[in-house]
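Reading through the structure tokens given below for one structure.
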Amino acid sequence: MADVTATPGTTPSAHSSTAPSAPAPAGAVTPSGSPSGSPSGSSSGASPDGAGTLVLAGTPIGDVTDAPPRLAAELETADVIAAEDTRRLRRLTQALGVHTRGRVVSYFEGNESARTPELVEALAGGARVLLVTDAGMPSVSDPGYRLVAAAVERGIRVTAVPGPSAVLTALALSGLPVDRFCFEGFLPRKAGERLGKLREVAGERRTLVYFEAPHRLDDTLAAMAEVFGADRGAAVCRELTKTYEEVRRGPLGELAAWAAEGVRGEITVVVAGAPEPVPGDLDPAELVRRVRVREEAGERRKEAIAAVAVEAGLPKREVFDAVVASKNAARTAPAEGKGLS
């Protein structure tokens, strides 16, 4: 792994004419001798004690012409560019007609923990470090959080070049409520863990946004239909801003059947939040089912009953009575397996 050093002057920058006192090690990253220079139109201001600036830059999620003009300026002037995939960065700079003058280092899930301290030291030494991922904004289901947190802890200035976001684009196109939403990222790959995560948000009333791999989409939608209900509205957004962009809207049950035939491309799933409770709208069997879902997710029965009562707009006693009745019914007909034990 390449060293990232923060000693000013060990490597000449594109902004400095001062010759280095010694050659920099191969792959080393060093700050520019002029950390205060920032691209035209970008935010100005310096970190304390001569430290540099960390810039998070959004990159296109499909159509390269969506790249913001400031992205090109930052790519041309950054002292260090930390890229999730250096090959994809090279293709992006070629498409934008940009010539990078700073050093380029990889920064991905596999080396994020180890490389973060090195980049922070480069920042502390005065470098302007640009962080880019393969698509969208860094830190949003992509590398970046650790570096931002470490820079903030050291008092280093962090700014951003806003850019495309698959989360917001899918949300806007979904046709579902957008006034309140939460982003859940990728669900676990294992079926049991995936169901557990879904059960945790079964009663969430905000619109939910997920990323998913195409080969797991059918299983994920089927699990959502099981936990949220087959009639819950959703939208599957595929290949956003690309040639074969598609937004498929409908109930989760129908979307699961559609995905079972096979889907390709990058996927974002948007799911409607749980409906507002209407007192008396849920029959005892549904109340029991919701309690069971919460228990399977790790809640104690008392807590599960209280939570379901709030969801349903009912007194806790009514939910408790439904659970007790189900438990008694299960004792008389255990083979049916529909009650709570």
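The values are calculated or read from the model by the stated rules, or taken from the named source; none is laboratory data. The structure displayed is predicted, hence computed values, not measured ones. We place every Cβ from the backbone using ideal geometry, glycine too, and count neighbours over all the protein chains shown. When the accessible area is computed, the model is the full protein with side chains, heavy atoms only, and any ligands, DNA or RNA have been set aside. Shrake-Rupley method; radii C 1.70, N 1.55, O 1.52, S 1.80 Å.
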Within the range 146-160, can one find any residue that is within 30 Å of Pro277 (Cβ to Cβ) and open to solvent by 30 Å² or more (accessible area, probe 1.4 Å)?
-> no
Going through the range 75-123 one residue at a time, which ones are charged (D, E, K, R), outside any loop (DSSP other than H, G, I, E, B) and open to solvent by 20 Å² or more (accessible area, probe 1.4 Å)?
-> Glu76, Arg87, Arg88, Arg90, Arg91, Arg103, Glu118, Glu121
Tell me, please, whether a residue that is among the basic types (Lys, Arg) and within 30 Å of Arg70 (Cβ to Cβ) can be found in the range 145-153.
-> yes
Selection within the range 307-341 - aliphatic (A, V, I, L, M) and at pLDDT below 90 = Ala307, Val308, Ala309, Val310, Ala312, Leu314, Ala329, Ala330, Ala333, Ala335, Leu340
Across the range 73-121, which residue is nearest to Gly163 (Cα to Cα) among those that are of a type in the set (Gly, Ala, Ser) and more than 24 Å from the chain's Cα centre (by Cα)?
-> Ala73
Being touching a strand residue (DSSP E or B) at 6+ places or on another chain (Cβ under 9 Å), open to solvent by less than 70 Å² (accessible area, probe 1.4 Å) and more than 19 Å from Ala202 (Cα to Cα) is the filter here, so list the residues in the range 254-275 that pass it.
-> Trp258, Ala259, Val263, Gly265, Ile267
For the range 183-227, the count of residues that are in contact with a strand residue (DSSP E or B) (Cβ under 7 Å, 6 or more places away or on another chain), open to solvent by 20 Å² or more (accessible area, probe 1.4 Å), within 20 Å of Pro275 (Cα to Cα) and not in a loop (DSSP other than H, G, I, E, B) equals 2
Inspect all residues belonging to the range 135-143 and state whether any of them is among the hydroxyl-bearing types (Ser, Thr, Tyr), out of contact with any His (no Cβ under 8 Å at 6 or more places or on another chain), buried (at least 20 other Cβ atoms within 10 Å of the Cβ) and outside any strand (DSSP E or B).
-> no
Failed condition for Val236, given (1) surrounded by 15 or more Cβ atoms within 10 Å (Cβ to Cβ); (2) at pLDDT below 95, with all others met?
-> (2)
